[in-house]
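Below you'll find the structure, written out as C-alpha cells, and then a few comments.
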Amino acid sequence: MLYWVFIGKLSFPYDVVITNQLITSAEYVGSSVHTAIRGGITNGITTGNPSSPRGVTAIVSTYPLIGEDAVTRSLRGGERYSEAEKARYAGLLLVHEIGHQLFDLGHAYGRKACVMDPPEMLHFREWAGRLSPKDCPR
C-alpha cells in the first residue's frame, strides 16, 4: 500500500493507473474504515502526485474482481463475475476514484445510491445494482 500512496515521489507522470495487482496493507495510518473491515484490501486510492498533469493520481486495482484466492472469494461472498461484469465494476471503481481526484468528493457512507459510497466488503454486484445518479444529489 505504501508504494502506491507514495507513487508521486517516483516521478510517475500519470493521472490514472489501473493494475491487476493486489493492493493491501496492514499499516495503521492512511487506512479507511471500509478498507480496514476488508482486512486491508483496497479497490483503489487517490494520491497526490506532482509529476502527473493534474497533480493527483487515481489508482484502481482489478484484483478484488478477478482474484481467486480464498480470502478474496470470501470477501466477494463467493461471487464470480463475467468478463462484462468485471469491466463494468472496474469502470465504476474508476468513477469512484475520479470523484476523489477531480471533485474532491469524500466517501458518501450510507448513501447507497451514490458511487462515492464504497462497496461493502467486495460485493460489487450489490453495490452496482443500487447505484442511481438521480437519487444521489451532489
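Here, each number is a calculation from the coordinates, and none is a lab measurement. Since we're looking at a predicted model, the values are computed, not measured. Ideal geometry is used to build each Cβ from the backbone, glycine not excepted, and the neighbour counts take in all protein chains shown.
Here are a few things to note about the model shown:
- The residue among Tyr3, Val16, Val71 whose Cα reaches farthest toward the positive pole of the charge dipole of the chain, with charges on the beta-carbon of Lys, Arg, Asp and Glu, is Val16.
- Using only alpha-carbon positions in the range 2-130, the gyration tensor eigenvalues give semi-axes of 23, 16, 14 Å once each is multiplied by 5 and square-rooted (largest first).
- Dipole magnitude (debye, nearest 20) for the range 2-130, charges at Cβ of Lys, Arg, Asp, Glu: 140 debye
- Simple label model, 7 Å out from Cα along Cβ direction - Asn20 to Arg54, nm: 2.5 nm
- Across Pro13, Pro53, Pro118, mean-square fluctuation computed from a Gaussian network of the chain (C-alpha pairs under 10 Å connected) peaks at Pro53.
- Restricting attention to the range 2-130, close to 60% of DSSP beta bridges with both partner residues there are antiparallel.
- Positive-end ranking of Phe124, Thr62, Leu102 along the dipole of the range 2-130, with charges on Cβ about the Cα centre, is headed by Phe124.
- Backbone N under 14 Å from the Arg130 label point (7 Å along Cα→Cβ), restricted to the range 91-110: 108-110
- Note on Lys134: lysines with a C-alpha under 28 Å away, same-chain residues under 8 apart excluded, are Lys86, Lys112.
- Per-peptide average of other Cβ atoms within 10 Å, ordering 93-106, 120-133 highest first: 93-106, 120-133
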